[in-house]
Amino acid sequence: MDRPGRLKELAMTALSRRALTLGLSAAALATGTVPRATRAAGTASAPPAARAVTPLAQVSIGRFTVTALSDGYADMPFSYFPGRTAEQVEQAAKAQFTARPSGIRFLFNQYLVEDGERRILIDAGPAGSLGQSGRLPQALAALGLRRDQIDAVIVTHMHQDHLGGLVAGGQNNFPNAEVYIDRRDVAHWTDPAKRAAAPDYLETSFRLSAEVVRLCPRLQAIDGERQITRGVSILDLTGHTPGHIGVRIEDAGQSLVMVSDMLFPVVHPQATDVAFLFEQDRAAAQAMRARFFPRAAEEGALIAATHMPFPGLGRVLSEGGRLRWAPADWAFQN
Ligand SMILES: [Zn+2]
């Protein structure tokens, strides 16, 4: 037998053994007809090189089309969740089969809201300042859009993972967009005394906030709950940062609430007394979650959350008083 043939036979033997333990047919494994996730490292056939894909998902809310986009992701260490020990968080992640060696995967989801007249983007992603990110421009391109075709960007708060994309590369990347940010966040993140007193891990957010104020002449510091355009309004979700806001999209009896960092994967909405390291005012964030989660469950509100698994669409369900996240369905095509 020639050498390649021998290798192939060895490979098939290994596959057969593996298939037995997985309850799968060796033929299925060999032809690659099983999902990649079920392949284990060490099988003789090398998995195909991963291709970069551009995830997109859409929902219709009345006259609006809302498209979930993603700038990328970062894995957050289990120790970043005050209120629980790293061990407790890791156990919870394991129980949900989402524990990774590097922690819990946080997506960076953005949402494009279109009504045929205006294109409004909610958040701009970290744009390479954190984790594996910087893919929002590609995601927009997959929709046939350039950043200069966006009419407005609503930034839910001035953490780097939500506003970095506005000014990545030291320029105004959305030159034709009105930029809406809550006034309390603009005040906080441009305050030199707050910057000097802040921990190191917030320095990038302070630096990028200063860039946004310098480079985006159409920045509007907004106050309170107001309408941006008919059917798109701001919700006050203060706590995570002083001016942490959500966006409610509503038309023809349908609605979607983009709640930004009200929910983090693995720990929410099961508990409200778990925070995240970057959180500004933990007591206020906890109080906001304690109010919001049961109300969202009662209303069956369709929610979009930045860091939940793509596309970040779901609902808070109450089952005998216990809350859990239920992913919502979405459309390939409207
Ligand atoms: Zn965030």
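Read the figures in this text as sums done on the coordinates, not as results from a lab. Since this is a predicted model, take the numbers as computed values, not measurements. Because the Cβ atoms are built from the backbone with ideal geometry, glycine has one as well, and the counts that use them run over all protein chains shown.
For the reader, a short list of remarks on this structure follows.
- Pairwise label distance in nanometres, Q227 with A196, each label 7 Å out on the Cα-Cβ vector: 4.5 nm
- Computed lengthening from A46 to R183, 0.36 nm per intervening residue step minus Cα-Cα distance: 44.0 nm
- GNM top mover of P199, P265, P137 - the chain, alpha-carbon springs below 10 Å: P199
- FRET efficiency, 1/(1 + (r/R0)^6) with R0 41 Å, evaluated for Q91 and T54 via beta carbons: 0.75
- Cα Rg over Rh - the chain, Kirkwood: 1.03
- Reciprocal mean inverse distance between Cα atoms of segment 54-156 - Kirkwood radius, Å: 15.2 Å
- Top of A221, A198, A127 by mean-square fluctuation, Gaussian network on the chain, Cα under 10 Å: A198
- Put in line by how crowded their Cβ is, counting other Cβ atoms within 10 Å and starting with the fewest, E250, E87 read E87, E250.
- Relative contact order computed over segment 192-249 (Cα-Cα under 8 Å; 6+ residues apart), in percent: 18 percent
- Label sites at S102 and D273, each approximated as a point 7 angstrom past Cα along Cα to Cβ, lie 3.3 nm apart.
- The calculated 222 nm mean residue ellipticity attributable to helices in the chain amounts to -8500 deg cm²/dmol, summing -39500 (n - 2.57) over DSSP H runs of n ≥ 4 and dividing by all residues.
- A Förster radius of 22 Å combined with the Cβ-Cβ distance from Q220 to L143 puts the calculated FRET efficiency at roughly 0.30.
- Reciprocal mean inverse distance between Cα atoms of segment 121-166 - Kirkwood radius, Å: 10.7 Å
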